[in-house]
1. Beyond 20 Å between alpha-carbons counts as too far, so tell me which of LYS86/LYS203; LYS175/LYS203; LYS139/LYS163; LYS88/LYS139; LYS89/LYS252; LYS86/LYS175 fall in that bin.
2. Using square roots of five times the C-alpha gyration tensor eigenvalues, list the equivalent-ellipsoid semi-axes of the stretch 97-140 in whole Å, biggest first.
3. How much net charge surrounds ASN191 when only other residues with a Cβ under 15 Å from its Cβ are counted (Lys, Arg +1; Asp, Glu -1)?
4. Search the structure for amide H atoms under 5 Å from the amide H of PHE92, placed 1.01 Å from N in the peptide plane, and list their residues when 5 or more places away or on another chain.
5. Could you name the aspartates and glutamates in cross-link range of LYS206, using Cα to Cα under 16 Å and dropping any fewer than eight places away on the same chain?
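Computed from the coordinates by the stated procedures, all read-outs in this text should not be read as laboratory data. None of these values were measured; they are calculated from a predicted model. Cβ sites come from the backbone with ideal geometry, for glycine too, and all protein chains shown count toward neighbours.
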Amino acid sequence: IQGNKQCFSPKPEDCRILVAASGGPIPVQNHNYEFFNWGLDIPSGNYICFNGNKEQEIGRVTANTPQSRPRMAVVLDYADIMLRDKMKKGLFLEFFSMEDDGDFTIVINPNANIPTENLFESISLCASVGSATECISGKVMPVADKKDVYRFSPDDDIDDFVKRIQKKKHGLFLKVKFNNNQSKEYLTQYNYDSEWIVNIVIKPKKEVVKKEFGKHEVPVSSTMNDMADGVEGYVIARHEVWGEVPDFKWYKDNFSDEYFF
């Protein structure tokens, strides 16, 4: 057994047992319903050592390689998908800007129960442009005195970036970088090196407002359209079609070396 406990039987006829923890060899861990109950722990199991036919020692064995640490990116992706399935709203309740070139407000779904305010370090909006990838990045900071609300401040001109790429139907991604300086004991087992990457859409906020107008059983007047046309800002959301199941044809067309099937 590779891990923090070596337990070998001296005789082939002796019994050797490894019992997996909850969730199989990758155990589920939830202390306070964090991450919509999708928290994970390091792969582990229980061992029993025998001396002849008598039980000698019972303990726990855990993996100790860097690759064995559960990735926070996987946890958040599961939480986001399951929140959509069960609650109809994903991890980000809202992700919008009030101005075409302003900061974004991010409202986290309270059902996600994110147990720390410093989980997110930065966010990048990335677009595949030809053979290159163009990104615009910025820091993510919690908004004072507002639980589950964050501010994303792009370092560059977001309006110019969106206007260049807004006609693209695929190849838009949200990339979240994590802060690995976590003090809570049940957050220290995660791997924070992998970034969470999600296929997204970026829509002008006025399009979203017009769509909302259209849901009501009243004629949309020219005044209402004028009101919508005057709305600034953008809305970011997970892609409704390719946000969970990737568009493999697009991947094959753009990354044929990695996606050759």
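1. LYS86/LYS203; LYS139/LYS163; LYS88/LYS139; LYS89/LYS252; LYS86/LYS175
2. Details: eigenvalues 129, 44, 20 Å².
Three semi-axes, in Å: 25, 15, 10.
3. Numbers: positive: ARG69, ARG71, LYS177; negative: ASP41, ASP77, GLU121, ASP193, GLU195.
Computed value for this residue: -2.
4. Amide H to amide H, under 5 Å and 5 or more residues apart or across chains, PHE92 pairs with ASN109.
5. GLU94, GLU99, ASP100, ASP101, ASP159, ASP226, ASP229, GLU232
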